[in-house]
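*Asks:* Structure incoming, see below.
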Amino acid sequence: MSHFKHLNDNINNILLTVLQNQNLCKLINYNTSNPLNEPDLDDPSSLLFQKIYPLPKLPDTDTEKCSFLNIFFDDFRLPNLGVKEGYINFDVICHIDLWRIDGMIRPFSILHEIDEMFNYERIAGIRKLLFDRVKYLYVNEKYTGYRASYKITSGN
């Protein structure tokens, strides 16, 4: 994150990590009550710009019931000379009819997968991501979810 020119590479590395997690992809892709029992996705990259976005996208309420994951950088600042800080946000957005799955709540399961992959982990081009907070997201009467924010720092 030390230079803005590296943000494209950084977000691509995060997306590749997300797409390698079959459980996460199943939770987002399958609208069934037991998505983890569904078959692995042959091509998880097909979720890009369909259900997984590297930007803050709101769901279209006129389409089928879905789950979404938005991943984006936010709130860059320079608190100390030579150190740049910011956040990587993961917006987990689900249609309210899809929240309940067998023995679990879908957004919590998605958040768990994200946290297992990223909390206190290094991603190429970024120092360790540190969990900061999760906040409830109200999108509209059909879609709600959570925003998980991880703090990132690097040299300026």
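The values are calculated or read from the model by the stated rules, or taken from the named source; none is laboratory data. Nothing here was measured: the structure is a model prediction, and the numbers come from that model. Cβ coordinates were reconstructed from backbone atoms using ideal geometry, including for glycine residues, and neighbour counts include every protein chain displayed.
*Asks:* Listed residues Met104, Met117; which is among the hydrophobic types (A, V, I, L, M, F, W, C) and more than 30 Å from Phe4 (Cα to Cα)?
*Replies:* Working: Met117 fails: more than 30 Å from Phe4 (Cα to Cα).
Every option except Met104 fails the conditions.
*Asks:* What is the residue count in segment 87-110 for residues that are of a type in the set (Asp, Glu) and closer than 15 Å to Leu69 by Cα? Talk me through it step by step, then tell me what you get.
*Replies:* If we filter segment 87-110 for residues that are of a type in the set (Asp, Glu), which is where we start, we get 91, 97, 102.
Applying the additional criterion that residues be closer than 15 Å to Leu69 by Cα yields 91.
The qualifying residues number 1.
*Asks:* Tell me, please, whether a residue that is within 16 Å of Asn23 (Cα to Cα), at pLDDT below 95, among the small types (Gly, Ala, Ser) and more than 12 Å from the chain's Cα centre (by Cα) can be found in segment 78-93.
*Replies:* No, every residue in segment 78-93 fails to be within 16 Å of Asn23 (Cα to Cα), at pLDDT below 95, among the small types (Gly, Ala, Ser) and more than 12 Å from the chain's Cα centre (by Cα).
*Asks:* Just to verify a result, which residue in segment 94-141, among those that are in a loop (DSSP other than H, G, I, E, B), touching a Lys or Arg at 6+ places or on another chain (Cβ under 8 Å) and surrounded by 13 or more Cβ atoms within 10 Å (Cβ to Cβ), is modelled with the highest pLDDT?
*Replies:* Going through segment 94-141, the residues in a loop (DSSP other than H, G, I, E, B) turn out to be 99, 102-103, 119-122, 124-125, 127-129, 139-141.
Still in the list and also touching a Lys or Arg at 6+ places or on another chain (Cβ under 8 Å): 99, 120-122, 128-129.
Then keep just the ones that are surrounded by 13 or more Cβ atoms within 10 Å (Cβ to Cβ); that gives 99, 121, 128-129.
Numbers: Trp99: 97, Glu121: 78, Lys128: 82, Leu129: 87.
Residue satisfying both the conditions and the ranking: Trp99.
*Asks:* Shifting gears a bit: Does any residue in segment 27-49 that is within 14 Å of Pro107 (Cα to Cα) come within less than 6 Å, Cβ to Cβ, of a residue that is outside any helix (DSSP H, G or I) and among the hydroxyl-bearing types (Ser, Thr, Tyr) six or more places away or on a different chain, and which pairs are these?
*Replies:* Taking only residues 6 or more apart or on different chains, the pairs are Ile28/Ser67.
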